[in-house]
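Below: one structure, written as structure tokens.
The values are calculated or read from the model by the stated rules, or taken from the named source; none is laboratory data. If you're wondering where the values come from, they're calculated on a predicted model, not measured in any experiment. With ideal geometry, Cβ positions are generated from the backbone for all residues, glycine too; neighbour counts draw on all protein chains shown.
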Amino acid sequence: MSCQNGGFASRGERTLLPISVLFLLLGAAPAAHATITYRVSLARPEQHIFHVTMVVPKVSGDLTLQMPAWNALYQIRDFGHHVQQVEAFAESSGSAGNAKPLRAEKMDKQTWRIAGDDSRTRDITIRYAAYWDDPGPFGTQLSATHAFINPAMILMYAPKRRGEDAVLTFANVPDGWRWITSAPVFLPSAGPAEMNGILVSDYDQLADSPVEMGKFEEFGLPDLPNIRVAVHGDDWDKARMQDELTKICKYELALMGGAPFKNYTFLYHIGRAAAGGGGGMEHADSTAISIPSDQFLANVSAHEFFHLWNVKRIRPASLDPVDYSKEQYTRVLWFAEGVTSTYASYTLERTGIWKKQQFYDDLAAQIGELERRPANRWQSAEQSSLDAWLEKYPLYNQPDFSVSYYTKGQVLGVLLDLLIRDRTGGAKSLDDVMRSMNADFARRNKPYRDSLDIRLTAEKVAGVSFADFFAKYVAAAEPLPYEPTLALAGLELRKAERKRPVLGFYYERDAAGNYFVRDVEAGSGAAEAGLQPNDLILAWNGADPPRRAERWLREHQPGDTLRLKVRRNGNELELPIPLGEASELYFAITESAHANEKARRIREGWLRGSLAAGAAAAAGAE
């Protein structure tokens, strides 16, 4: 066997290798502490049930196990409610084959306790089943066509032994399936029915290593041998994907001074494979992305790839280490997510994937989104970050109750960047802030102190105070200084009104993932079509309802027809619903004909970006 970081794996032998043999075959000495093993069976995948066998060696006394309450999304989703049939067995160390049933007592919604024996050390085997059929990068799915696994959603952990090595193998894998992950993989074993596995240093690395299994297409990127791409689905163009991903990765790697990984993996679900599960989720050495077609690829990929630095390595102290058992509050998602969106848009413009006007239009759209939400007048960027755990409630997402830390953070990133450029005469920028945080925190494996260290780093880079900016616009919700700050780059912000489409009804998703109509506006096209509150939405133009209606509406016009299939009182109805019309405030960004030389120079530097400092940082790292 050999050990590699990432890549696809083939099938292995039926019996899980003893850990001592595994380490011998890997050419490494056994660790000083024990190794926890997981074996996941995919027998009968059409039933959507993972059968898990977990072995915790050298247990003395009671053993406590937990299922994470959250992972990926900042939402308590209680993965324990997917678990059933938990049973445990004990085997004295050194006496294989003499397993004794043990009581696995459930203590709360996510915790099990297995009574121990203080007089001796035993290996404890735990078996259980976990049902998962949730598509998308934030879920886990086992179906007849593929499996996508976020390990934290199916694998228990021992809280007191979370830092120990772990091995994960797969069994009863359907014929013709293979798999890919970013985690270290031991390769290969001979045998007909069990795949080889993942070898990681702790549970956190395992939880951060999603796995795609099935019949997918895999390829690399030109001149980037350590980056692999796996695509499950349809409606995508390989040449286009390779071109855009190559531009994105090369630019961001150069900007940040080189790769922080040995190998990186893009996992895509596209077209029908993405139905009901759109979005992207970052991981330390990979990302999982679901999109309806490859026309949405560039923006989400640029965002997720930049997470390699921002949040995965440039990590806020409030999120370090991860606490899987309860909400983990932070005030800095405006930076971790929002400024990552700033850099996604920078990357697309600076690589030519976007035209300059697309970049201006996108920034204007973010400003418009903020200004159309009444909550922007009172919810600060930090409070929006803190309240992320409320996003699963439909009411909270309404314009009167919240603003997005993605949107507000993206705009704040641009404003802060232009202020730094102005105050340094174009010599420094937000790029230098990101590189400085990478050097001071990520490369030293040191978390930063939320907004405080962001401000201090910006002040170090620019040589001036930003206390006023952070107090007014980050910690508080004073009106953002769009016009005067954009003017520093010779740009004008113009306002107008335009017509936009509206649904005429509101819907929400229940805990089981079903979408129900919550309210129907009187006199709307939806009301005239016969839509009623509590109707169960079965299909939305032949697909699943979008998670965010406002994004779907951006791609449509007033008068377009939405075809809903609903169930009411046991009957299925097809309802053609004409989209209504409403007026909204619209913003546009244009270049001023009266900009002075300094403003034009700042604008050109901002649009073009400078990689000189990034190249120097990369050379120094080598």
Just one of Pro399, Pro447 is in the same structural domain as Ser341 (by TED's automatic domain parsing) and touching a strand residue (DSSP E or B) at 6+ places or on another chain (Cβ under 7 Å); which is it?
-> Pro447
Go through region 308-324 residue by residue and tally those that are of a type outside the set (Phe, Trp, Tyr), under 21 Å from Asn263 (Cα atoms) and in contact with a helix residue (DSSP H, G or I) (Cβ under 6 Å, 6 or more places away or on another chain).
-> 4
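This table checks each residue for (1) hydrophobic (A, V, I, L, M, F, W, C); (2) under 17 Å from Leu42 (Cα atoms).
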| position | (1), (2) |
| --- | --- |
| Arg127 | no, yes |
| Phe148 | yes, yes |
| Arg178 | no, yes |
| Val185 | yes, no |
| Glu212 | no, yes |
Going through region 326-369 one residue at a time, which ones are part of a loop (DSSP other than H, G, I, E, B) and either within 14 Å of Arg608 (Cα to Cα) or hydrophobic (A, V, I, L, M, F, W, C) (or both)?
-> Val332, Thr351, Gly352, Ile353, Trp354, Lys355
Would you check if there is a residue in region 241-260 being at pLDDT below 95 and part of a loop (DSSP other than H, G, I, E, B)?
-> no
Going through (1) of a type in the set (D, E, K, R); (2) touching a helix residue (DSSP H, G or I) at 6+ places or on another chain (Cβ under 7 Å); (3) crowded, with 19+ Cβ neighbours inside 10 Å one by one, Asp453 fails only at (2)
Taking region 348-362 and keeping only residues that are polar (S, T, N, Q) and either surrounded by fewer than 18 Cβ atoms within 10 Å (Cβ to Cβ) or touching a His at 6+ places or on another chain (Cβ under 6 Å) (or both), one is left with Gln357, Gln358
Glu555 meets each of (1) touching an Asp or Glu at 6+ places or on another chain (Cβ under 8 Å); (2) within 29 Å of Arg272 (Cα to Cα); (3) acidic (Asp, Glu) with one exception, condition (1)
Subset of region 542-581 that is in a strand (DSSP E or B) and in contact (Cβ under 8 Å) with a residue 60 or more places away in the chain - its residue that is nearest to the chain's Cα centre (by Cα) = Ala543
What is the number of the single condition among (1) under 19 Å from Ile291 (Cα atoms); (2) surrounded by 21 or more Cβ atoms within 10 Å (Cβ to Cβ) that Asn196 does not meet?
-> (1)
Before we move on, is Val433 touching an Asp or Glu at 6+ places or on another chain (Cβ under 6 Å) and in a helix (DSSP H, G or I)?
-> no
Positions within region 464-477 being of a type outside the set (A, V, I, L, M) and either surrounded by 12 or more Cβ atoms within 10 Å (Cβ to Cβ) or outside the structural domain of Arg421 (by TED's automatic domain parsing) (or both), in sequence order = Ser465, Phe466, Phe469, Phe470, Lys472, Tyr473
Could you say whether any residue in region 131-141 is buried (at least 22 other Cβ atoms within 10 Å of the Cβ) and of a type in the set (A, V, I, L, M, F, W, C)?
-> no
Sort out which residues of region 255-308 are on the phi < 0 side of the Ramachandran plot, touching a Ser or Thr at 6+ places or on another chain (Cβ under 7 Å) and without any contact (Cβ under 8 Å) to a residue 40 or more places away in the chain, and write them in order of number.
-> Phe266, Ile270, Glu304, His307
If you go through region 367-387 one residue at a time, do you hit one that is within 22 Å of the chain's Cα centre (by Cα), within 22 Å of Ser592 (Cα to Cα) and not assigned by TED's automatic domain parsing to the domain that holds Tyr251?
-> no
Just need a number here: residues in region 56-115 that are assigned to a strand (DSSP E or B), surrounded by fewer than 17 Cβ atoms within 10 Å (Cβ to Cβ) and among the small types (Gly, Ala, Ser).
-> 1
Matching option when the condition is within 23 Å of Leu267 (Cα to Cα) and not β-branched (Val, Ile, Thr), among Ala147, Ala129, Ala115 = Ala147
Run down Pro545, Pro578 and say which single residue is surrounded by 13 or more Cβ atoms within 10 Å (Cβ to Cβ) and modelled with pLDDT under 95.
-> Pro545
Working only within region 266-316, note down all residues that are surrounded by fewer than 22 Cβ atoms within 10 Å (Cβ to Cβ), not in a loop (DSSP other than H, G, I, E, B) and not aliphatic (A, V, I, L, M).
-> Gly271, Arg272, Gly279, Asp294, Gln295, Phe296, Asn299
If the Cβ limit is 8 Å and pairs must be 6+ apart or interchain, which residue in region 337-362 that is assigned by TED's automatic domain parsing to the domain that holds Gly609 and over 23 Å from Arg494 (Cβ atoms) pairs with which residue that is surrounded by fewer than 24 Cβ atoms within 10 Å (Cβ to Cβ) and of a type in the set (Asp, Glu)?
-> Tyr343/Glu252; Thr347/Glu252; Ile353/Glu244
Within the set of pairs 6 or more residues apart or between chains, which connect a residue that is free of Cβ contacts under 8 Å to residues at least 12 places away in the same chain inside region 62-80 to a residue that is among the acidic types (Asp, Glu) and crowded, with 22+ Cβ neighbours inside 10 Å with Cβ atoms less than 6 Å apart?
-> none
Looking at this structure, is Ile367 among the aliphatic types (A, V, I, L, M) and closer than 25 Å to Lys499 by Cβ?
-> yes
Taking region 444-486 and keeping residues charged (D, E, K, R), assigned to a loop (DSSP other than H, G, I, E, B) and without any contact (Cβ under 8 Å) to a residue 24 or more places away in the chain leaves Arg444, Lys446, Glu478
